[in-house]
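Novice: What follows is a structure written as structure tokens; I'll ask about it next.
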């Protein structure tokens, strides 16, 4: 069964450092998302991406965050200058349909980011 | 924006019993309601979803009901098994937007 894959599974980084989290969405999907989950809390939307541009972003997704689809298969989330409160599990997701047809999204296994 | 509340936060049932998890949402424009199961260390996995033009949907032991007037929807798991133990999240979205708003999650424990 096709799946969303993410790397790395776990990364530890120093506060202030840049981090890039990588994702390979399901191959025929056109809509891509990043969500995060702070330990023990709910899953929170960060950003959606379609046709090489951001469709929607949350208030969490401030100027230190950026997303990119550098080639036909990868989708990346960059955190420019990490803060302690960025420690969380980051989930990439994709869907083959977007608004208004429906958005059943499929999640990857997550990248656990620890900022020290 | 949308706000989703989920209850209970923890639920413990005996194997074979039924489990019910309830969610309410605030945005009347929401029209798509997925349920996810998350096992420890893994990403959320879609288990069932319902759209606003349907009141109930069933898939084997899992069913979801939706009351648009009251803005609430529920997950029903019958004949629970220990492997159903996980965290379950409800979510709500407007299919004219690109994001889902999640509930806080329910930790379901099924005791053998």
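Novice: Return the distance in nm (one decimal) between the two label points of a simple spin-label model at residue A:114 and residue B:69, each offset 7 Å from Cα along Cα→Cβ.
Specialist: Taking the simple label geometry, residue A:114 and residue B:69 are separated by 5.2 nm.
Novice: Using 1/(1 + (r/R0)^6) with R0 = 25 angstrom and r between the beta carbons of residue B:42 and residue B:18, what's the FRET efficiency to the nearest 0.05?
Specialist: Details: r = 25 Å, r/R0 = 0.98.
Plugging the Cβ-Cβ distance into 1/(1 + (r/R0)^6) gives 0.50.
Novice: Can you grab the distance from the C-alpha centre of segment B:1-69 to the C-alpha centre of segment A:69-83, Å, no decimals?
Specialist: Here the answer is 31 Å between Cα centres.
Novice: Which distance in nm do the two modelled labels at residue A:62 and residue A:14 give, with both placed 7 Å along the Cα-to-Cβ direction?
Specialist: Rounded to a tenth, the inter-label distance reads 2.3 nm.
Novice: Taking each pair of different alpha-carbon atoms in the protein assembly as shown once, compute 1/r for the pair, average those values, and report the inverse of that mean as the Kirkwood hydrodynamic radius in Å to one decimal. Please list the in-between numbers first.
Specialist: Working: mean 1/r = 0.0554 Å⁻¹.
Hydrodynamic radius (Kirkwood, Cα pairs) of the protein assembly as shown is 18.0 Å.
Novice: Here's a follow-up. Taking neighbour Cβ counts within 10 Å as the exposure measure, how do A:44, B:56 sort from fewest upward? Display every interim value, and only then the final one.
Specialist: Details: A:44 18, B:56 13.
Final ranking by Cβ density, sparse to dense: B:56, A:44.
Novice: Ok, one more. Kirkwood Rh and Cα-based Rg: tell me the resulting Rg over Rh for segment B:1-48, rounded to two decimals.
Specialist: Details: Rg = 13.2 Å, Rh = 13.0 Å.
That ratio is 1.01, to two decimals.
Novice: Now for a separate question. Apply 1/(1 + (r/R0)^6) to the Cβ-Cβ distance of residue A:80 and residue B:29, taking R0 = 45 Å, and write down the FRET efficiency to the nearest 0.05. Working shown, then result.
Specialist: Numbers: r = 34 Å, r/R0 = 0.75.
It comes out at approximately 0.85.
Novice: Return one quarter of the surface area of the convex hull spanned by the alpha-carbon atoms of segment A:15-57, equal to its mean projected area, in nm². Each step should come with its number before you reach the end.
Specialist: Values: hull surface 17.5 nm².
Taking a quarter of the hull surface, the average projection is 4.4 nm².
Novice: So, how do all the Cα-to-Cα distances of chain B break down into 5 Å bins, in percent, from 0 on up?
Specialist: P(r) over chain B, rounded to whole percents: 2, 13, 24, 25, 19, 10, 5, 1, 0.
Novice: Would you kindly calculate the translational diffusion coefficient of chain A, applying Stokes-Einstein with the Kirkwood radius from alpha carbon pairs, for 25 °C and a viscosity of 0.890 mPa s, and quote it in µm² s⁻¹ without decimals?
Specialist: The estimated diffusion coefficient comes to 173 µm²/s.
Novice: Moving on to the next point. If each residue's Cβ is checked for other Cβ atoms within 10 Å, how do B:35, A:112 rank with the fewest at the top? List each step's numbers first, then the result.
Specialist: Working: B:35 24, A:112 19.
Ordered from fewest to most neighbouring Cβ atoms within 10 Å, B:35, A:112 come out as A:112, B:35.
Read the figures in this text as sums done on the coordinates, not as results from a lab. Since we're looking at a predicted model, the values are computed, not measured. Positions of Cβ are generated from backbone atoms using ideal geometry, with glycine treated the same way; all protein chains shown enter the neighbour counts.
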